[in-house]
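Novice: Handing you a structure now.
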Amino acid sequence: MPSACLSFKFLKRLQHRLPRLNAIITLVFFAIALLTSCFSPRLFAQQSDSADVTAVIGARAVLTDWSDPLSALGTLRANESVTLSSTVTDTVEALNFEGGEKVSQGQVLVRLSAEEEQANLQVAQTLREERANAVARLARLQKRDLAALADLEDSRTQLRQVEAEIQALQARLDNYTVRAPFDGVVGARQISVGTLVTPGSELVTLDDIERMKLDFRIPEVQLGAMAVGLPITATSSAYPDHPFKGTVSIIDSRVDPVSRSAGVRALLDNDERLLRPGMLMRISVARATRQTLVIPESALVPKGRRQYVWVVRQAENGEVEDAPVERREVEIGSRREGEVEILEGLSEDDMVVSHGGDRLREGVRVRLIGVVDENTSVSEILDTQRSEGSD
């Protein structure tokens with residue numbers, strides 16, 4: 001009974017205060033509605049504007065040279081290369097090189113001792129003088145009919161035999177002198193004066209590296225696109241930032257039936273003498289060179305098998321219009337590092353969104369913070385934005 005009496009009294013007291021409480025609640029809700037009607041339109045408008053304007057980086061569709069590159073690996077060879085060997089048995093008398101220097105055609109590189117052959121040559125030369133004197137004496141006698149013509153002819157034959165022997169000895173003496181057969185660079189010296197060499201002993205290597213031969217292989221299916229005179233670009237791990245230019249000079253007349261590939265040879269100029277025989281080269285052969293529209297590969301928006309780009313509308317003077325971006329379907333061709341060929345869907349100088357397209361949708365307006373080109377990279381544009389933002 002006491003608790004029931006207390007509850008009854010509380011309800012009676014609350015009933016007397018309800019009108020005042022309702023009035024307070026009504027005033028609070030009215031104030032909130034008033035504040036909302038005054039400030040929310042401007043706030044929402046600002047949010048709507050900021051949501052509809054997206055900062056992006058653009059790029060223009062440019063008309064440039066394009067080719068379908070064929071990649072391969074190849075090995076360098078000297079334009080002319082030879083290992084000079086001994087053809088006789090004797091000791092080294094003189095060496096006229098140390099290794100690595102450039103020599104001229106005909107320059108003496110190695111001289112072998114040829115004392116025995118030189119002695120034999122002197123004997124033969126003395127005998128030739130004797131036979132020549134005999135021929136002259138018989139010729140005078142025969143003019144006075146004091147010698148038989150047959151004796152004169154025999155003497156002349158003996159003289160010719162001696163002269164032939166002298167020529168043979170001189171030819172053998174030439175084998176004791178090793179000369180450069182062409183202009184080139186000699187290899188490191190591996191022998192010393194006094195070394196006994198025999199026929200077949202390697203004396204010195206000589207390479208003509210002013211021009212290099214680059215041999216590589218291509219698949220049989222690519223033969224139709226290969227032709228003599230096509231330009232190539234080759235790079236090496238030794239010089240990764242130094243491309244070497246050349247042209248295809250020979251296409252092998254046979255296809256390997258096992259690998260189904262054909263050999264190709266290209267010629268590279270090596271005026272700086274950076275390339276060496278035996279180096280491994282990465283090769284890119286430029287095929288089907290043409291003029292075509294190119295955009296950054298990052299501008300593509302794939303959807304299934306179709307490709308789209310976001311096109312930023314421009315006025316006639318080239319300025320970007322304050323208009324929503326347009327999603328446009330394009331037909332692409334071949335690709336290369338960071339770029340893609342556009343066959344249909346764009347025109348030259350069209351502006352596309354290259355970075356930031358993943359945040360776009362139909363009807364959104366964009367703000368270009370920069371345009372990527374040959375002289376401006378994405379990182380430079382972003383660095384500029386950060387510096388401006390910090391200011």
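The values are calculated or read from the model by the stated rules, or taken from the named source; none is laboratory data. Computed from a predicted structure; not experimentally measured. Counting neighbours? That spans all protein chains shown, and the Cβs are built from the backbone with ideal geometry, glycine included.
So that you can scan it fast, the table gives a plain yes or no per residue for (1) small (Gly, Ala, Ser); (2) within 30 Å of Ala78 (Cα to Cα):
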| site | (1), (2) |
| --- | --- |
| Ile283 | no, yes |
| Thr292 | no, no |
| Ala299 | yes, no |
| Arg305 | no, no |
| Pro324 | no, no |
| Glu329 | no, no |
| Glu344 | no, no |
| Gly356 | yes, no |
| Arg359 | no, no |
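Novice: Could you list, in sequence order, the residues of segment 251-273 that are more than 20 Å from the chain's Cα centre (by Cα) and loosely packed, with under 12 Cβ neighbours inside 10 Å?
Specialist: Ser253, Arg254, Pro257, Val258, Ser259, Arg260 - these are the residues of segment 251-273 that are more than 20 Å from the chain's Cα centre (by Cα) and loosely packed, with under 12 Cβ neighbours inside 10 Å.
Novice: For segment 334-383, give me each residue that is farther than 22 Å from Arg306 by Cα and more than 32 Å from the chain's Cα centre (by Cα). Outline the logic, then answer.
Specialist: Here is the first cut: in segment 334-383, the residues farther than 22 Å from Arg306 by Cα are 349, 365-383.
Within segment 334-383, Arg365, Val366, Arg367, Leu368, Ile369 qualify.
Novice: Now a separate question. Do we find that Gly278 is small (Gly, Ala, Ser) and surrounded by 13 or more Cβ atoms within 10 Å (Cβ to Cβ) in this structure?
Specialist: Here the answer is no, as Gly278 does not meet what is asked.
Novice: Looking at Arg359, Arg336, Arg365, which one is surrounded by 15 or more Cβ atoms within 10 Å (Cβ to Cβ), touching a residue at least 40 places away in the same chain (Cβ under 8 Å) and of a type in the set (Lys, Arg)?
Specialist: On the way: Arg359 fails: surrounded by 15 or more Cβ atoms within 10 Å (Cβ to Cβ); Arg336 fails: surrounded by 15 or more Cβ atoms within 10 Å (Cβ to Cβ).
When all the criteria are applied, what remains is Arg365.
Novice: Could you check segment 220-240 and list, in sequence order, the residues that are part of a strand (DSSP E or B), under 15 Å from Leu280 (Cα atoms) and not hydrophobic (A, V, I, L, M, F, W, C)?
Specialist: Matches in segment 220-240: Thr233, Thr235, Ser236, Tyr239, Pro240.
Novice: Suppose we filter Leu214, Leu196 for residues that are touching a residue at least 40 places away in the same chain (Cβ under 8 Å) and in the same structural domain as Leu267 (by TED's automatic domain parsing); which single one remains?
Specialist: None of the other options fit; the residue is Leu214.
Novice: Are there any pairs, at least 6 apart or on different chains, whose C-beta atoms fall under 9 Å, with the first in segment 257-282 and without any contact (Cβ under 8 Å) to a residue 12 or more places away in the chain and the second of a type in the set (Phe, Trp, Tyr) and part of a loop (DSSP other than H, G, I, E, B), and if so, which?
Specialist: none
Novice: Can you name the number of the only condition in (1) over 30 Å from Arg273 (Cβ atoms); (2) touching a residue at least 24 places away in the same chain (Cβ under 8 Å) that Leu84 fails?
Specialist: All conditions pass for Leu84, except number (1).
Novice: Can you name the strands (runs of 3 or more DSSP E) wholly within segment 80-199 that have at least 1 residues being in contact with a Ser or Thr (Cβ under 6 Å, 6 or more places away or on another chain)?
Specialist: Strands (runs of 3 or more DSSP E) meeting the threshold: 90-95, 108-112.
Novice: Same structure, new question: Are any residues in segment 132-170 exposed (fewer than 15 other Cβ atoms within 10 Å of the Cβ), under 25 Å from Ala119 (Cβ atoms) and among the hydrophobic types (A, V, I, L, M, F, W, C), and if so, which ones?
Specialist: Residues satisfying the conditions are Ala164, Ala168.
Novice: Please go through segment 286-305 and give me each residue that is at pLDDT 90 or above, in contact with a strand residue (DSSP E or B) (Cβ under 6 Å, 6 or more places away or on another chain) and in a strand (DSSP E or B), ordered by number.
Specialist: Thr292, Leu293, Val294, Ile295, Pro296, Val301
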